[in-house]
Ligand code: SAH
């Protein structure tokens, strides 16, 4: 029998599981706190459990733990990029960033990704597998233990498409924000999607307070489709409509992410079309100068062009910020640390 992955269980489910093992339900509270507050990696550490119970648990279930394989620290801003090994040997990467408002972790939701965005390093190797909720939590827990500082914000913007791994992602959000666990406010959790419409619609009905970020990257269907294959399945108008409805049901302002690629989507006309597309929405645009990926030839516009694009949007009354680049000196772009590692293993680099 497969041993149960207890880090992915809600408190209630853990209780039921313990009862099924012939234990008292209150044991769940103790074990849950060991897992999600103290971030224990083994039953051995759980000093308030009897020897017999520890043995029983060791036989019936397992604790998902990620192993830190590599860590790179930016000399510029202290950003840390982690490469973690999952228990089956797959690798995922996560990033730790220190901001004025607190420490933020960027987590991966899948090993690899099948969305195929043209500018993204994570798309290059395709999808390997979904991560479990426990594996997503572990990225946050291991980083908090390694830095010794509380993590207050989480963004699901690492490798993978969270809405392509919906159930595990939802479980992750609920566990992460549980007051008996890590207790990260849902308002401090952001999930980024390439625009899977049924996922956005379903998420809107979950009663969550998280921020939804849509990777927009182009203001017109044809251009967006040339950058993001997912747009062939869910068109631009449809996805914008889903974002409007997300705001209507949750009251949470949408963030539109827009990676600026020189000569591709950074013209004055692009800004005008973008403004028209989202006019009147309660939203915010986050401009990200594209991170050049070796295998792709998209280039960053000059700082002047980036600031012109911002000014153009502001003229139309759009709320816009330029994302501060963090960790420039440490395998910058999304998925590159993992990719370099895999290439090295395969003898390509
Ligand atoms: N699958 C989700 C989340 C992962 S990517 C999504 O598509 O939103 C997180 C963000 O980084 C997305 O907005 C993505 O489009 C962007 N991104 C990916 N590669 C990039 C690159 N090379 N430069 C800048 N942004 C990139």
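Details
- Radius ratio Rg over Rh of the stretch 7-94, counting only Cα atoms, Kirkwood formula for Rh: 1.10
- Computed [θ] at 222 nm, helices only, for the chain once each DSSP H run of length n ≥ 4 contributes -39500 (n - 2.57): -10500 deg cm²/dmol
- The rule of thumb for compact globular proteins, 2.2 N^0.38 Å, goes into the C-alpha radius of gyration of the stretch 247-310 1.27 times.
- A compact globular protein would have a Cα radius of gyration near 2.2 N^0.38 Å; the ratio found for the stretch 127-231 is 1.15.
- More than 13 angstrom apart: percent of Cα pairs within the stretch 85-143: 64 percent
- The Rg/Rh ratio for the chain is 0.99, where Rg is the radius of gyration of the alpha carbons and Rh is the Kirkwood radius.
- Mean separation of Cα contacts under 8 Å (6+ apart) over length of the stretch 1-102, as relative contact order %: 20 percent
- Length gained when the stretch residue 38-residue 248 is fully extended (0.36 nm per residue, less Cα-Cα span): 71.8 nm
- Across the stretch 207-349, C-alpha contacts under 8 Å between residues 6 or more apart give a mean separation that, scaled by the residue count, equals a relative contact order of 22 percent.
- Peptides 200-208, 317-325, 111-119, 288-296 ranked from most to least packed give 111-119, 288-296, 200-208, 317-325, packing being the mean of other C-beta atoms within 10 angstrom over each peptide's residues.
- Three semi-axes of the equivalent ellipsoid, the stretch 173-225, Cα gyration tensor, whole Å, largest first: 28, 11, 7
- Comparing 193, 255, 147 in a Gaussian network model of the chain where C-alpha atoms under 10 Å apart are linked, the largest mean-square fluctuation is found at 147.
- Here the stretch 114-168 is treated as an ellipsoid with the same Cα gyration tensor; its semi-axes, largest first and in whole Å, are 24, 13, 10.
- Sequence-separation-based contact order of the chain, relative, with Cα cut under 8 Å and 6+ spacing, percent: 15 percent
- Viscosity 0.890 mPa s, temperature 25 °C, Stokes-Einstein D of the stretch 137-183 from Kirkwood C-alpha radius, µm²/s: 212 µm²/s
- Extension gain, residue 60 to residue 146, is 28.1 nm, computed as 0.36 nm per intervening residue step minus the present C-alpha separation.
- Just checking the listed ones, 264, 143, 76: in the Gaussian network model of the chain with Cα springs under 10 Å, the one fluctuating most is 76.
- For the pair the stretch 200-216 and the stretch 50-86, the centres of their Cα atoms are 28 angstrom apart.
- Neighbour-count ranking [beta-carbon atoms within 10 angstrom, fewest first] of 178, 266, 329: 329, 178, 266
- Each of 2, 13, 269, 93 was scored by other Cβ atoms within 10 Å of its Cβ. Arranged with the fewest first, they read 2, 269, 13, 93.
- Residue exposure sequence - 302, 259 - by fewest surrounding Cβ within 10 Å: 302, 259
- For q = 0.12, 0.17 Å⁻¹, Debye-computed log10 I/I(0) when each Cα of the stretch 45-126 counts as one equal scatterer: -0.58, -0.88
Laboratory data are not the source of any read-out in this text; all were calculated from the coordinates shown. Being a predicted model, the structure only gives us computed values, none of them experimental. We place every Cβ from the backbone using ideal geometry, glycine too, and count neighbours over all the protein chains shown.
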